[in-house]
Amino acid sequence: MKLYSDFAAQRARQMTADVVALALIAISIATGIVVFSTVNQLARFGVQMQTAGTDFRTSMTDVGTRLGGVPFIGEGISAPFSTASSAGDTLAAAGQTQQDLVLQAAIALGVGVAALPILIVLLVWLIPRLRFISRATRTRALMRSGLNTDLLALRALTHQKAGVIAKIAPDAVGAWRRSEPEVMQRLAGLELRSVGIRVR
C-alpha cells in the first residue's frame, strides 16, 4: 500500500493535511465530550428529586409503620402516611425520568457537536486520500507487472484534466494514437506524478 507521494512537496502537503485532519477530529471528539458532560450535569436536579422522593417515601413508611403499632387506632392513623409515601414514589419516578431525558439530550448534543465536523473532515480529507492511496497502490502494482508508457499515457488521458493535457499537446489524443514518443513520455510522467510515483 502506498500512502504518500514520492515527491517531497506533494508528500509534505499530504502529511500536513493528515496531521490537521486528525487534530480536527480529536478536537471535535473532545468538544463533544465537553458538551455531553456539561449537559449531563443538569441531571443532578433529577438525582436530587429522586433522592428527595425516596427519602420522603421512607420517612412516611417508617412513621406509618410505627403508628400502626398503636393499639386500637394504629391502623387508621397509619393509612394517611402510607398514602403519602406513594407521593414519594411519584417524585422519585419523576426524578428518574428527568435524568433519562437529560442523558438522552446530552448524548444527542455531544454526538451532534462531534459528528458534524468529523463528517466534514472525512468528506474533504479522507475520500481524496483514499482515492490517492488506491490509485497509487494500483499503479505501482501495474508498473511492477510491466505497465508500459502507452498505457500510462492512456490513463493520463482518462484521469487528468483537459486543461493540463492541452498544455502537453493541443492534440494529445491524436499524438497518443500516432504513438509520438515525446508526448507519450510527458503524458505518462503526468499520470505517474499525479499518483506520487517517481520513476527511478
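General observations
- Odd one out for Leu109, checked against (1) free of Cβ contacts under 8 Å to residues at least 40 places away in the same chain; (2) open to solvent by 60 Å² or more (accessible area, probe 1.4 Å); (3) not hydroxyl-bearing (Ser, Thr, Tyr): (1)
- Matching entry among Arg198, Arg178 (being open to solvent by 40 Å² or more (accessible area, probe 1.4 Å) and either touching a residue at least 60 places away in the same chain (Cβ under 8 Å) or closer than 22 Å to Leu3 by Cβ (or both)): Arg198
- Among the residues of the stretch 31-57, just one is open to solvent by 50 Å² or more (accessible area, probe 1.4 Å), under 12 Å from Leu91 (Cβ atoms) and among the hydroxyl-bearing types (Ser, Thr, Tyr), namely Thr51.
- Which listed residue is at pLDDT 85 or above, in contact with a Ser or Thr (Cβ under 6 Å, 6 or more places away or on another chain) and buried (at least 17 other Cβ atoms within 10 Å of the Cβ), from Ile133, Ile165, Ile118: Ile118
- Residues in the stretch 112-133 that are in contact (Cβ under 8 Å) with a residue 12 or more places away in the chain and charged (D, E, K, R): Arg129 only.
- Filter result (under 30 Å from Gln104 (Cα atoms) and charged (D, E, K, R)) within the stretch 1-56: Arg44, Asp55
- Cβ-Cβ under 8 Å pairs, at least 6 apart or on other chains, the stretch 12-28 side more than 15 Å from Leu116 (Cβ to Cβ), far side among the polar types (S, T, N, Q): Gln14/Ser5
The values are calculated or read from the model by the stated rules, or taken from the named source; none is laboratory data. Source: prediction; values computed, not measured. Methodologically, a virtual Cβ is constructed for each residue, glycine included, from the backbone with ideal geometry; neighbour enumeration extends over all protein chains shown. For the accessible areas, the whole protein counts, side chains as well, though only heavy atoms, and no ligand, DNA or RNA atoms are used. Shrake-Rupley method; radii C 1.70, N 1.55, O 1.52, S 1.80 Å.
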